[in-house]
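These notes are about the structure you will find just below.
Every read-out reported here was derived from the displayed coordinates using simple, explicitly stated rules and does not represent laboratory data. All of these numbers come straight from a predicted model, not from anything done at the bench. When we count neighbours, we look across all protein chains shown, and the Cβ atoms used for this are built from the backbone with ideal geometry, even at glycine.
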Amino acid sequence: RKEVEQDPGPFNVPEGATVAFNCTYSNSASQSFFWYRQDCRKEPKLLMSVYSSGNEDGRFTAQLNRASQYISLLIRDSKLSDSATYLCVVNLPGGGNKLTFGTGTQLKVEL
Amino acid sequence: NAGVMQNPRHLVRRRGQEARLRCSPMKGHSHVYWYRQLPEEGLKFMVYLQKENIIDESGMPKERFSAEFPKEGPSILRIQQVVRGDSAAYFCASSPGDHGYTFGSGTRLTVV
């Protein structure tokens, strides 16, 4: 089983739609959780950290369910500029600052 | 304050040649990480270095790959006798401590 699993997509949605991505992780002792965004052939960039209490940044909401080992990202009122690959990222226990990446979920926002 | 600088951006090597990838961390960052992204795959951790020390190389292939982060100068990821399967994007990241990653733009290695 992969350490971090995501649906690869693509998710094709119209502008203004709400879209949700899910991610599961296998190691229950994982410590930190993040969503990164990667545009085609570019470096990944931190979108937001994910906390058990849930956190929101503008149109983006992230949730963590430790019991189910499940992370989600909700994007409301999607924009064309949101088109990218969204990477679920976990910091495993004992890994120092080493990050484990999912393979990403591709989002395409269309007119 | 320049970000993490990687060079070259693109590198083409023939099978059997050596590839040297450079990474200059952000000013004030003493921790460097190298990741590899194969086509259509996620980023995979390779190695974590602090100045003059390899802290974790659990993701490095046992042969042909080496990394260093000298006291002066950039971190170097070296791949000897490259093969087609080494073609990938290699990303470097730096941090000042145990959090706060910043990635460089990557080096795209193509082995022909």
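Run through the DSSP bridge list for chain A and note the antiparallel percent, rounded to the nearest 5. Before the final figure, lay out each step's value.
Details: 36 of 40 bridges.
Bridges in chain A are about 90 percent antiparallel.
Mind checking the mean number of beta-carbon atoms from other chains within 10 Å of the Cβ atoms in A:102-111?
Values: counts 2, 5, 5, 0, 0, 0, 0, 0, 0, 0.
Neighbouring Cβ atoms belonging to other protein chains average 1 per residue here.
Chain A: D in µm²/s via Stokes-Einstein (Kirkwood Rh, Cα pairs, 20 °C, 1.002 mPa s)? Write out the running numbers ahead of the final one.
Numbers: Rh = 14.0 Å.
For these conditions, the coefficient is 153 µm²/s.
Which distance in Å, rounded to a whole number, links the C-alpha centroids of the range B:88-112 and the range A:80-111?
If you average the Cα positions of each part, the centres end up 15 Å apart.
Each label point is 7 Å from the Cα along the Cα-to-Cβ direction; what then is the distance between the points at B:LEU38 and A:LYS79, in nm?
Those two pseudo-labels are separated by 3.6 nm.
What percent do you get for the relative contact order of chain B when only Cα pairs under 8 Å and 6+ apart count? Let's see the in-between values first.
Working: 288 pairs, mean separation 41.3, N = 112.
Taking the mean separation of contacting Cα pairs over the length of chain B, I get 37 percent.
Within 10 Å of each Cβ of B:68-80, how many other protein chain Cβ atoms are there on average? Numbers along the way, then the final one.
Details: counts 0, 0, 0, 0, 0, 0, 0, 0, 0, 0, 0, 0, 0.
Going residue by residue through B:68-80 and averaging, the value is 0.
Whole angstrom only: what separates the Cα centroid of the range A:1-70 from the Cα centroid of the range B:1-72?
Answer, in whole Å: 26.
Once the mean 1/r over all distinct Cα pairs of the protein assembly as shown is inverted, what Kirkwood radius in angstroms do you read off?
Details: mean 1/r = 0.0549 Å⁻¹.
18.2 Å is the Kirkwood radius here.
For the range A:1-85, what relative contact order do you get, as a whole percent, if you take Cα pairs closer than 8 Å and at least 6 residues apart?
Working: 147 pairs, mean separation 27.6, N = 85.
Dividing the mean separation by the residue count of the range A:1-85 yields 32 percent.
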